[in-house]
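J.: Below: one structure in structure tokens.
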């Protein structure tokens, strides 16, 4: 997780990198679930970028075991959200497929 300003900067960098490669993306309507907002950026073929904002977190990894600096047990399961992005983008396949 990064703070909102850093997230804005990372998003800008990712979009600029895609543009340099000739990949133009469109942002989908953001979806909200509980304290999580998700915005996807797709081209005509694939999901290219996903921004996930989690309200109330600072620079912390949530949904893990907790007990470590910058790691909290409550909140969105960020490892699972990352895995889901890789599946949705076609990078990972589901087991047995």
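J.: Residue 66 passes all but one of (1) farther than 16 Å from residue 7 by Cα; (2) within 13 Å of the chain's Cα centre (by Cα); which number fails?
T.: Every condition holds for residue 66 apart from (2).
J.: Residue pairs, Cβ under 9 Å, 6 or more apart or interchain, first in segment 10-23 and outside any helix (DSSP H, G or I), second surrounded by 16 or more Cβ atoms within 10 Å (Cβ to Cβ). List them.
T.: Qualifying pairs under 9 Å: 23/48.
J.: Could you tell me which residue of segment 40-57 is farthest from residue 30 (Cα to Cα), considering only residues that are modelled with pLDDT under 90 and part of a strand (DSSP E or B)?
T.: 54
J.: Would you check which residues across segment 3-41 are under 20 Å from residue 84 (Cα atoms), crowded, with 16+ Cβ neighbours inside 10 Å and out of contact with any strand residue (DSSP E or B) (no Cβ under 6 Å at 6 or more places or on another chain) and list them?
T.: none
J.: Condition check: more than 14 Å from the chain's Cα centre (by Cα) and either surrounded by 14 or more Cβ atoms within 10 Å (Cβ to Cβ) or at pLDDT 90 or above (or both). Does residue 83 satisfy that?
T.: no
J.: Count, please, the residues in segment 58-80 that happen to be part of a strand (DSSP E or B) and either modelled with pLDDT of 85 or more or surrounded by 14 or more Cβ atoms within 10 Å (Cβ to Cβ) (or both).
T.: So the answer is 4.
J.: With respect to residue 92, is the statement that it is surrounded by 11 or more Cβ atoms within 10 Å (Cβ to Cβ), part of a helix (DSSP H, G or I) and either modelled with pLDDT under 95 or in contact with a strand residue (DSSP E or B) (Cβ under 8 Å, 6 or more places away or on another chain) (or both) true?
T.: So residue 92 fails the test.
The values are calculated or read from the model by the stated rules, or taken from the named source; none is laboratory data. Note that the structure is predicted; figures quoted are calculated from it, not measured. Positions of Cβ are backbone-derived with ideal geometry, glycine not excepted, and every protein chain shown enters the neighbour counts.
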